[in-house]
Amino acid sequence: DGNFGGSYHTAVTVTSNKIQVSPLQGSQHHPKKNSQPTFGFSVNWSFSGSFTVFTGQCFVDENGNEVLKTMWLLRSDVDKIQDDWKATRVGINVFTRVPLQK
C-alpha cells in the first residue's frame, strides 16, 4: 500500500541528550514501471522534544546507484510563543545505500 515504518538513528543533535534510535513512519507513491517515486516520512525523536518531516524522491543514477534526495523541516518545542521564530529548521539530506559487508 506504499506505507512503511522503521527506525532512524541520527548522528547529529543540537541537544546535550544522548542520541537514541527514534521511530519513523512514511509513505511512498506507488511507482510506475521504470519510475523514480516520491515519498515522505516523519521521525518523532525519542531523545528530544523535536519532530522532523522529510519529503523527497528516489533516484537511480547513471551508475545504477540508489539515491534518496530529501528536504526536511525540524520542529523543536519552545517554552513560549515569542520563541516560535526559532523553533523550525529546514535542510536537505542525500541518502545512499551502504554496501553490505561480507
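The values are calculated or read from the model by the stated rules, or taken from the named source; none is laboratory data. In this text the structure is predicted, and so the values were computed from the model without any measurement. Heads up, the Cβs are rebuilt from the backbone with ideal geometry, glycines too, and the neighbour counts pull from every protein chain shown. Calculation scope for accessible area: heavy atoms of the full protein, side chains included, ligands and nucleic acids excluded. Shrake-Rupley method; radii C 1.70, N 1.55, O 1.52, S 1.80 Å.
Averaged per residue, what accessible surface does the chain expose to a 1.4 Å probe, in Å²? Before the final figure, lay out the partial values.
Values: 7840 Å² over 102 residues.
For the chain, the per-residue accessible area is 77 Å².
With each label modelled as a point 7 angstrom along the Cα→C-beta vector, the Lys69-Gln36 pair spans 0.6 nm.
Can you tell me which of Gly91, Gly26, Gly40 moves the most in a GNM of the chain? Springs connect C-alpha atoms under 10 Å apart. Comparing Gly91, Gly26, Gly40 in a Gaussian network model of the chain, the most mobile one is Gly91. Other residues with beta-carbon under 15 Å from the beta-carbon of Thr70 carry, at +1 per Lys or Arg and -1 per Asp or Glu, a net charge of +2.
Estimated from the Cβ-Cβ distance and a Förster radius of 30 angstrom, the FRET efficiency linking Lys86 and Asn3 is about 0.35.
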